[in-house]
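J.: A single structure is presented below for examination.
The values are calculated or read from the model by the stated rules, or taken from the named source; none is laboratory data. Keep in mind that what you see is a predicted model, and the values were worked out from it rather than measured. Cβ: placed from backbone, ideal geometry, glycine included. Neighbour counts: every protein chain shown. In case anyone asks, the SASA skips ligands and DNA or RNA and just uses the protein heavy atoms, side chains included. Shrake-Rupley method; radii C 1.70, N 1.55, O 1.52, S 1.80 Å.
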Amino acid sequence: MDQIAPAKFKRRDPSLPKGRQISDANVADVAALLGNMPRRRDLLIEALHIIQDTRGHITATAIAALAELFRLAQVEVYEVVSFYDHFDVVREGETPPPPVTIRVPTGVSEELAGAFDLIDALKAATDPKEVRVIASPCIGQCDAAPSAWIGKRVFRHATVERLLKALTEDNNTPDLPEYEDLAAYRAAGGYEMLGRVLSGDITADAATETMSDAGLRGLGGAGFPAAANGALCAPMTAPA
């Protein structure tokens, strides 16, 4: 039997840092883009948003530069940027995405409302070199399906006509709906039970038991019992 020659590996220069090498010019470029933003690891996702919003995508070089600036391992930056659907990672040799992306969520309720038909119609009506139409995870608009997302704007009860018109509009400025602010929420009784716990009027265990008896569940999708979350938070809310 022929002997298989052992594989030859190039030994890493121990004087160099591990991972992708990054030039000072690349680091300076990303640093200039971030401006005066503090280089704190909890602000990493904000930095990624700046790059995505400015450049339209995030290159492997930018990931390495962020790791250098934030004193993180490159894999830590990649874990964050690859987790979220709205960040577009472009590796060496890959073609960046078109300047505009229409994301259409395709969850169960969205599919029942015609999300895939909407995707097909949008692809037929747009130039793929200018507009990318892709299926996306849920964006929290199942009550108004089919919905879509362009830039920083969400479109409820989306139609082909409405989305094509939106391509000529400013989609980088969020269109915020009316909402109840904190003062109004508290005036209507919001956080009243939490206030009673913090003041010592009732115990955290009593508040948790009330939630358990009511059968309240979270709205995050999994229907996790609210009482269980309350029990986890109890040590942090109980008065000293």
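J.: Which one of 29, 53, 13, 24 is modelled with pLDDT under 90, of a type in the set (Asp, Glu) and closer than 17 Å to residue 80 by Cβ? Break it down stepwise before answering.
T.: Values: 29 fails: closer than 17 Å to residue 80 by Cβ; 13 fails: closer than 17 Å to residue 80 by Cβ; 24 fails: closer than 17 Å to residue 80 by Cβ.
After applying the criteria, what remains is 53.
J.: Kindly indicate whether residue 178 is open to solvent by less than 90 Å² (accessible area, probe 1.4 Å) and in a loop (DSSP other than H, G, I, E, B). Steps first, answer last, please.
T.: Values: open to solvent by less than 90 Å² (accessible area, probe 1.4 Å): no; in a loop (DSSP other than H, G, I, E, B): yes.
No, not satisfied.
J.: Just to check your reading of the model, which residue among 111, 68, 76, 46 is out of contact with any strand residue (DSSP E or B) (no Cβ under 8 Å at 6 or more places or on another chain), without any contact (Cβ under 8 Å) to a residue 60 or more places away in the chain and buried (at least 17 other Cβ atoms within 10 Å of the Cβ)?
T.: On the way: 111 fails: buried (at least 17 other Cβ atoms within 10 Å of the Cβ); 76 fails: buried (at least 17 other Cβ atoms within 10 Å of the Cβ); 46 fails: buried (at least 17 other Cβ atoms within 10 Å of the Cβ).
Step by step, each of 111, 68, 76, 46 is checked, and only 68 is out of contact with any strand residue (DSSP E or B) (no Cβ under 8 Å at 6 or more places or on another chain), without any contact (Cβ under 8 Å) to a residue 60 or more places away in the chain and buried (at least 17 other Cβ atoms within 10 Å of the Cβ).
J.: Given the residues 216, 198, which is the only one that is more than 30 Å from residue 99 (Cα to Cα), surrounded by 10 or more Cβ atoms within 10 Å (Cβ to Cβ) and in contact (Cβ under 8 Å) with a residue 40 or more places away in the chain? Show your work before the answer.
T.: On the way: 216 fails: in contact (Cβ under 8 Å) with a residue 40 or more places away in the chain.
Checking each option against the conditions leaves just 198.
J.: Just checking, does region 28-38 include any residue being touching a helix residue (DSSP H, G or I) at 6+ places or on another chain (Cβ under 9 Å), under 30 Å from residue 165 (Cβ atoms) and in contact (Cβ under 8 Å) with a residue 24 or more places away in the chain? Give the steps one after another, and end with the answer.
T.: So the first thing to find is which residues in region 28-38 are touching a helix residue (DSSP H, G or I) at 6+ places or on another chain (Cβ under 9 Å), and the list is 28-31, 33-35, 37.
Still in the list and also under 30 Å from residue 165 (Cβ atoms): none.
Checked region 28-38: no residue is touching a helix residue (DSSP H, G or I) at 6+ places or on another chain (Cβ under 9 Å), under 30 Å from residue 165 (Cβ atoms) and in contact (Cβ under 8 Å) with a residue 24 or more places away in the chain.
J.: Now for a different question. Just checking, which of 178, 161 is modelled with pLDDT of 90 or more and among the acidic types (Asp, Glu)? So that I can check it myself, show each step before the final result.
T.: Values: 178 fails: modelled with pLDDT of 90 or more.
From the options 178, 161, the qualifying one is 161.
J.: For region 154-175, name all the residues that are open to solvent by less than 100 Å² (accessible area, probe 1.4 Å), in a helix (DSSP H, G or I) and of a type outside the set (A, V, I, L, M).
T.: Initial filter on region 154-175 (open to solvent by less than 100 Å² (accessible area, probe 1.4 Å)): 154-155, 158-160, 162-164, 166-167, 169-171, 173-174.
Add one more test, that the residue is in a helix (DSSP H, G or I), and what stays is 160, 162-164, 166.
Scanning region 154-175 gives a single hit, 162.
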